[in-house]
Structure formats: structure tokens, C-alpha cells
Amino acid sequence: MDTKPNCGNMLAGVGPFAIEAGLVRAGSPETMVRIFNVNTQTLVEAIIQTPGGSVEYSGDTRIDGVAEAAAPIKLTFLDAFGAVTGKLLPTGQVVDLIDGVEASCVDMAMPVMIIAAEALGKNGGETPEELDADRALWSASSPSGGRRAGAWAWGTSRSSSFRSPCSCPGRKTEAASARAISRRSPATDRTR
């Protein structure tokens, strides 16, 4: 298990716990909880819904990968650039050529490698289910493919025995497209 980067899903549970355990006094209608992330030595501010001074868990906010809706939890990562590698652009370049594909390696709370969806044969309109079913896509960005090269390029993996994507920094590969970006707006963006 990798304990270096931030994990928004885990951090989203800290604020409600701190309030429920009496570590932080709840306000109304919201309560800000400041969290010190020992892993990255950074601060995170969490805004928890606390109408009437009690944590509200019910709501209609949805995020990808979570089946149920819940009350929103807004996280603000303070000074999160370079949280794992020490640099916003771990390679020192805005765009790198990794395994023949243009990619941007960025460490903003979590190291990611951003690749144009079109470079992966996608258009940005695919559903999560379509992407999950595409075995060729996953082998292209698997630990033996682009992700290892990205981690190697920015210095988080120097081993030929690169571990699974859930255990090594630099493992997140994101596909971006104008189509996918234009579908999102502040009103439809789902955060927790």
C-alpha cells in the first residue's frame, strides 16, 4: 500500500469523524475542519455540512466510483503541489514524450500522467464501463506500459519490478479531451 500521496476519499471521512468524536466543535450550517496530512506534510481544509450543529450524511452529491449519493464534503488541498515528488512538474517539462506519446506529468496532491484521449484511441465520451472493458487500453497504461515509463521519468520508480498500479506513486494515468472537458462545468462537477 502506498502511503505517500493524498487520498480524497479517505480525507473526506476525517472531518465527520473529528466532529462526531468531539475533536472539533460543529458550527451551523457548515464546519471547517483543518487536517494535517502526515503523508505529504500538507494541510487540507474540509467543509462538512453540519446544519443545526450535527453532521449531515444524506444528500444528492455523487462522485464517480461511489454507488450512493451523500452530503457534499468540500476538500481544499493547501500547498499540495509536489506533494510526492517535491515538484509540480516532476520531469521539469510541461510536455514529455513517454513511450512515443505526449504526456504531462503533474504532481498536484497526487502524481498523475495526463494523456490526450485521442492518443489512446478514445474521444473522451466513453463511459466508465466502456473504458473498464477495453483491455487494450489498460495494457497500454498498465504497470508494464506507460505508467512505469511515467514513474521512471519523474523519479518515483527506479525498479524494473514496478509494482501494481495501486501501490506505486506515478501510477495514475488520466485521459483528457476537449469533449470530456466541455461536458463538465462547475454546476455539474461532482466533488466530495
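Being in contact with a Gly (Cβ under 6 Å, 6 or more places away or on another chain) and over 25 Å from residue 84 (Cβ atoms) is the filter here; which residues of region 18-49 pass it?
Selection gives 26, 28, 48.
Tell me the residue from 73, 48 that is more than 26 Å from residue 111 (Cβ to Cβ) and in contact with a Ser or Thr (Cβ under 9 Å, 6 or more places away or on another chain), please.
48
Filter region 47-61 down to residues that are out of contact with any strand residue (DSSP E or B) (no Cβ under 8 Å at 6 or more places or on another chain) and free of Cβ contacts under 8 Å to residues at least 24 places away in the same chain and give me whichever is surrounded by the fewest Cβ atoms within 10 Å (Cβ to Cβ).
Filtering first and then ranking leaves 60.
Going through region 90-115 one residue at a time, which ones are in a strand (DSSP E or B), of a type in the set (A, V, I, L, M, F, W, C) and either under 30 Å from residue 78 (Cβ atoms) or in contact with a helix residue (DSSP H, G or I) (Cβ under 6 Å, 6 or more places away or on another chain) (or both)?
Matches in region 90-115: 98, 101, 103, 105, 106, 108, 112, 113, 114, 115.
Taking region 102-122 on its own, how many of its residues are within 21 Å of residue 89 (Cβ to Cβ), surrounded by fewer than 16 Cβ atoms within 10 Å (Cβ to Cβ) and among the charged types (D, E, K, R)?
1
Just to be sure, is residue 84 of a type in the set (Val, Ile, Thr), closer than 30 Å to residue 120 by Cα and not assigned by TED's automatic domain parsing to the domain that holds residue 13?
Spelling it out, residue 84 is indeed of a type in the set (Val, Ile, Thr), closer than 30 Å to residue 120 by Cα and not assigned by TED's automatic domain parsing to the domain that holds residue 13.
Name, by its number, the condition in (1) at pLDDT below 90; (2) surrounded by 14 or more Cβ atoms within 10 Å (Cβ to Cβ); (3) among the acidic types (Asp, Glu); (4) in a loop (DSSP other than H, G, I, E, B) that does not hold for residue 64.
Only one criterion is unmet by residue 64, namely (2).
Does residue 125 satisfy being outside the structural domain of residue 41 (by TED's automatic domain parsing), modelled with pLDDT under 85 and either buried (at least 16 other Cβ atoms within 10 Å of the Cβ) or not hydrophobic (A, V, I, L, M, F, W, C) (or both)?
no
Applying the selection to region 26-46, what residues are aliphatic (A, V, I, L, M), touching a residue at least 24 places away in the same chain (Cβ under 8 Å) and within 13 Å of residue 78 (Cβ to Cβ)?
Once the filter is applied, which keeps residues that are aliphatic (A, V, I, L, M), touching a residue at least 24 places away in the same chain (Cβ under 8 Å) and within 13 Å of residue 78 (Cβ to Cβ), region 26-46 yields 35, 43, 44, 46.
Considering region 100-134 alone, what residues qualify as being of a type outside the set (A, V, I, L, M, F, W, C) and free of Cβ contacts under 8 Å to residues at least 24 places away in the same chain?
100, 102, 104, 121, 126, 127, 129, 130, 132, 134
The values are calculated or read from the model by the stated rules, or taken from the named source; none is laboratory data. Owing to the predicted nature of the structure, the values given are computational and were not obtained by experimental measurement. Glycine also receives a Cβ, built like all others from the backbone with ideal geometry; neighbour counts cover every protein chain displayed.
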